[in-house]
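Below is one structure; the comments refer to it alone.
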Amino acid sequence: MKKTVLVTGGFGFLGSHLVEHFLKEGFAVVAVDNFCTGSRSNLEHFKAEISQGRLKAIEADVSQTWDSWVGVLESLPPLSFVFHFASPASPPHYQRLGLETLAVNSIGLGHALKTADRFGARVIFASTSEVYGDPSVNPQPETYWGNVNSFGVRSCYDEAKRFGEALIYTHNQKHQTQHGLVRIFNTYGPRMNPADGRVIINLLLQAEKHEPMTLYGSGDQTRSFCYVDDLISGIVKYARSNLTRPINLGNDHEFTISQLAETLQTIYTDRKLEIKHLPLPQDDPKQRKPDLTLAKRLLSPWTPQIQLREGLIKMRACL
Ligand SMILES: NC(=O)c1ccc[n+]([C@@H]2O[C@H](COP(=O)([O-])OP(=O)(O)OC[C@H]3O[C@@H](n4cnc5c(N)ncnc54)[C@H](O)[C@@H]3O)[C@@H](O)[C@H]2O)c1
């Protein structure tokens with residue numbers, strides 16, 4: 001067996017893809033989750049790995065002490081990475097779980113750093129494009145410091161992630177460690193939580209059920225959408241580098257939400273997809289597109305491969 005990776009939030013959308021990636025590479029994997037937004041079904045296809053002891057599933061809140069379960073790492077091959085991906089990620093979830101979101105990206109991340117240091121491993125923290133807030137520059141390079149409301153409905157998430165970045169920076173300075181973080185832009189793919197409220201899963205499920213697709217505001221706001229396989233390959237490359245600076249990961253093709261709806265219409269050729277407009281939520285960013293210059297240079301030859309229509313078709317096949 002190769003080494004071990006620990007994935008917090010391992011039963012979530014992105015966490016489960018990381019678990020899958022490292023199991024396929026032959027690693028032992030520990031997936032820790034409290035199931036506040038994740039689902040047991042996300043890893044149910046790994047029953048064999050669980051019975052072989054190669055995948056350890058632990059139910060725990062990583063914002064609480066890790067003492068009761070962290071000892072499991074002593075019986076496994078050496079720990080190389082801790083992917084700290086536990087956190088509610090979509091506005092309806094992090095607004096419902098605001099205090100938990102603040103805790104998991106600060107106290108939970110602190111536990112991840114302490115454990116990684118104890119075992120000589122590297123933490124990779126899931127930061128987000130939300131650290132740029134409602135950006136006044138487009139696309140957003142890593143050098144842009146953001147336009148964030150610290151006192152509003154999105155601040156429990158945006159500021160928690162900004163705090164997490166500051167914690168990694170300061171921890172590295174103080175302890176001469178090499179922990180890192182990736183700023184993830186909108187990612188989609190199989191195993192997204194259907195109740196999650198993010199635009200792709202919402203529209204796809206509405207199209208699937210012959211319901212009108214809900215577009216917030218005029219539909220002119222832009223987003224860039226990354227298929228999960230592209231994101232995971234970027235995260236893995238980053239983890240294996242010695243980079244500690246923030247790197248944007250996502251897809252730099254920008255679409256309006258109306259164009260997303262039109263793309264879905266080209267896939268659902270057997271039906272006419274109706275559109276229903278709803279008011280724009282508070283603090284909703286008007287545009288979001290990563291500047292991937294740094295990622296493409298420092299993680300070379302990484303670049304997103306899967307374009308929107310192809311990714312939507314793949315995701316639909318897994319519904
Ligand atoms: N999906 C995206 O487009 C995106 C974009 C930017 C950043 N991110 C970040 O990536 C990470 C994963 O996001 P996702 O889309 O997979 O969301 P998700 O909700 O599917 O997964 C998060 C997982 O973390 C678990 N979790 C939450 N709090 C926990 C706690 N205190 N203890 C243990 N487990 C806990 C949840 O149950 C869930 O399984 C998050 O940190 C999120 O902020 C995601």
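To the nearest 0.05, how large is the calculated FRET efficiency for residue 50 and residue 318 if R₀ is 22 Å and r is the Cβ-Cβ distance?
0.55
Per residue, the chain exposes an accessible area of 44 Å² to a 1.4 Å probe, with every protein chain left in place. Assuming charge only on the beta carbon of Lys and Arg (+1) and of Asp and Glu (-1), the dipole of the range 152-265 about its Cα centre is about 600 debye to the nearest 20.
A full extension of the chain between residue 175 and residue 143 corresponds to an added length of 9.1 nm, given 0.36 nm per residue minus the alpha carbon distance.
Projecting the Cα atoms of 313, 105, 116 onto the charge dipole of the chain, computed from C-beta unit charges around the Cα centre, puts 116 farthest toward the positive end. Note on the chain: GNM, Cα springs under 10 Å; of 278, 43, 55, the largest mean-square fluctuation is that of 278. Build a GNM of the chain with springs between Cα atoms under 10 Å apart, and of 98, 217, 164 the one that fluctuates most is 217. Note on residue 216 and residue 150: with the Förster distance fixed at 22 Å, the Cβ-Cβ geometry gives a FRET efficiency of about 0.40. Here each label is just a point 7 Å from Cα along the line to Cβ, and for residue 163 and residue 258 those points are 4.0 nm apart. Measure out, as a whole number of angstrom, how far apart the alpha-carbon centroids of the range 138-157 and the range 229-248 sit. When both Cα centres are located, 21 Å separates them. Ligands, DNA and RNA left out, the accessible area of the chain computed with a 1.4 Å probe is 53% carbon and sulfur. Dipole of the range 1-146 computed with +1 at Lys/Arg Cβ and -1 at Asp/Glu Cβ about the Cα centre; of 95, 138, 37, farthest Cα towards the positive end is 37.
Long hydrophobic helices in the chain: the complete DSSP H runs spanning 15 Å or more by Cα along their own axis with mean Kyte-Doolittle hydropathy of at least -1.0 are 13-24, 107-119, 228-240, 257-267.
Close amide H partners of residue 216, meaning residues 5 or more places away or on another chain with modelled amide H under 5 Å apart, are 278. Using 0.36 nm per residue and subtracting the Cα-Cα separation, the extra length available between residue 65 and residue 271 on full extension is 69.0 nm. Pairs 24/289; 56/114; 56/314; 114/286; 237/314; 2/161: which exceed 26 Å Cα-Cα? Where the Cα-Cα span goes over 26 Å, the pairs concerned are 24/289; 56/314; 114/286; 2/161.
Stretching residue 35 away from residue 244 to a fully extended chain increases their span by 72.3 nm, per 0.36 nm per residue minus the current alpha-carbon distance.
Helix-derived [θ] at 222 nm for the chain: sum -39500 (n - 2.57) over DSSP H runs of at least 4, divide by residue count, nearest 500? The partial results should precede the final answer.
On the way: 11 runs with 115 residues, N = 319.
For the chain, the value works out to -10500 deg cm²/dmol.
Can you compute the FRET efficiency between residue 208 and residue 278 using 1/(1 + (r/R0)^6), with r the Cβ-Cβ distance and R0 = 22 Å? Round to the nearest 0.05.
Numbers: r = 19 Å, r/R0 = 0.88.
E(calc), rounded to 0.05, equals 0.70.
When both the range 8-35 and the range 253-319 are represented by their alpha-carbon centers, they are found 25 Å apart.
Mind checking the range 172-236 for trypsin sites (Lys or Arg not before Pro) that DSSP puts in a loop (not H, G, I, E or B) and that have at most 12 other Cβ atoms within 10 Å?
Values: sites: 174, 183, 191, 198, 209, 223; in loops: 191, 198, 209.
Filter output for the range 172-236: 209.
The values are calculated or read from the model by the stated rules, or taken from the named source; none is laboratory data. Nothing here was measured: the structure is a model prediction, and the numbers come from that model. Every residue, glycine as well, gets a Cβ built from its backbone with ideal geometry; the counts of neighbours run over all protein chains shown. Note: accessible area is taken over every heavy atom of the protein model, side chains too, but ligands, DNA and RNA are not part of it. Shrake-Rupley method; radii C 1.70, N 1.55, O 1.52, S 1.80 Å.
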